[in-house]
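Values quoted throughout were computed directly from the atomic coordinates according to the rules given, and no laboratory measurement underlies them. As the structure is a computational prediction, the values presented were derived from the model and not from experiment. For neighbour counting, all protein chains shown are included, and Cβ atoms are generated from backbone atoms with ideal geometry for every residue, glycine included.
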Amino acid sequence: MTRTPIVLSALALIVAVVAAVGAFRDKPAPAPDLDAAAVAAMIDEKVAGLAKDTADSSDSDQAPAGQTPALDAETLGPVVRDYLIANPDILEEMLAALESKREKDETVARTEALAANREAIFNSPDSPVVGNPTGDVTLVEFFDYNCGYCKRMLPAMIDLMKTDPNLRVVFKEWPVLSEGSGEAARIALGVLKVAPEKYLDYHVELMGQPGGGDGIGQKQALAVVEKLGLDKDAVVAAAKDPAVDEQISENYKIAEALGLRGTPSYVIGEDVIPGAVSLEELQSKIAKARKEVCQTC
């Protein structure tokens, strides 16, 4: 996760401190003298409120009743600056609090999106299903044929399917990297329509190829189709079915709802994994999901 937005958020919060206090300029109360301790107290209050994920942060910007100061933002600004220069660690505290809050918010949003889209994620009739179709645990992979990390994860995916006879795998064609990725994904779904039993062979063969200068696209995809002995014209015609684009569009919507930022990404049980991980972590998540499913076993 990039820290740039968090840094900007932290700086925006500092500006908000100055602006909030400066907003009191129009109040009729007399302006008190400013000192570093007063400013430090105000900033510390902000940071503490953020760290505790205050439901209504605006309350912390208001001074107690009867003590509303009429402060000048132009006067306060240099004092805040001097305080932050003297205490730069305050920024680290703010960044840590902001990052923690953002991670919690993302987790909640993903949990809600997973619940709302569960049927489309795990049981879409148009998504390729391999492994054990009636397995007790489903692993869903969002991938792109031009994704280097997806290619690196291919051996782990094959290993999982070979060593876990009760694992059901759902592939979500999510061509996010190039036009060629979209072409390869459409051909893949064309293969699924014409010869579903050959989909995994197509997937493994194409995913195992290097992208090359122009990346994987229709040319490489059709070469695999011919290598597998499939009817190329039938596959191309099936790939042009409007339902294929609808399926890919649905995958985009699900990925966006889950807050996925790239490929590969996985869904296992109640866990959303946005990024490549080790074989051991996938096995751990599968074991966890299996335990959750088998609460009454």
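Overview of values
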read-out: Taking N as its residue count, the alpha carbon Rg of the range 236-297 over 2.2 N^0.38 Å; value: 1.48
read-out: The range 126-134 - phi-based ³J(HN,Hα) in whole Hz, Karplus 6.51/-1.76/1.60, Gly and Pro as x; value: 9, 8, x, 10, 10, x, 8, x, 10
read-out: Paramagnetic reach from GLU103 in the range 235-265 [backbone N under 18 Å; point 7 Å along Cα→Cβ]; value: 259-261
read-out: Per-peptide average of other Cβ atoms within 10 Å, ordering 165-173, 180-188 highest first; value: 180-188, 165-173
read-out: The range 118-293: translational diffusion in µm²/s, Stokes-Einstein, Kirkwood Rh over Cα pairs, 20 °C, 1.002 mPa s; value: 133 µm²/s
read-out: Label-point separation, ILE85 to GLN209 (7 Å along Cα→Cβ), nm; value: 6.1 nm
read-out: Distance in nm between pseudo-label sites at ASP245 and LYS291 (7 Å out along the Cβ direction from Cα); value: 4.6 nm
read-out: Whole-Å distance, taken between Cα centres, linking the range 194-264 and the range 117-148; value: 14 Å
read-out: Relative contact order (%) - the range 118-293, alpha-carbon pairs under 8 angstrom, separation at least six; value: 29 percent
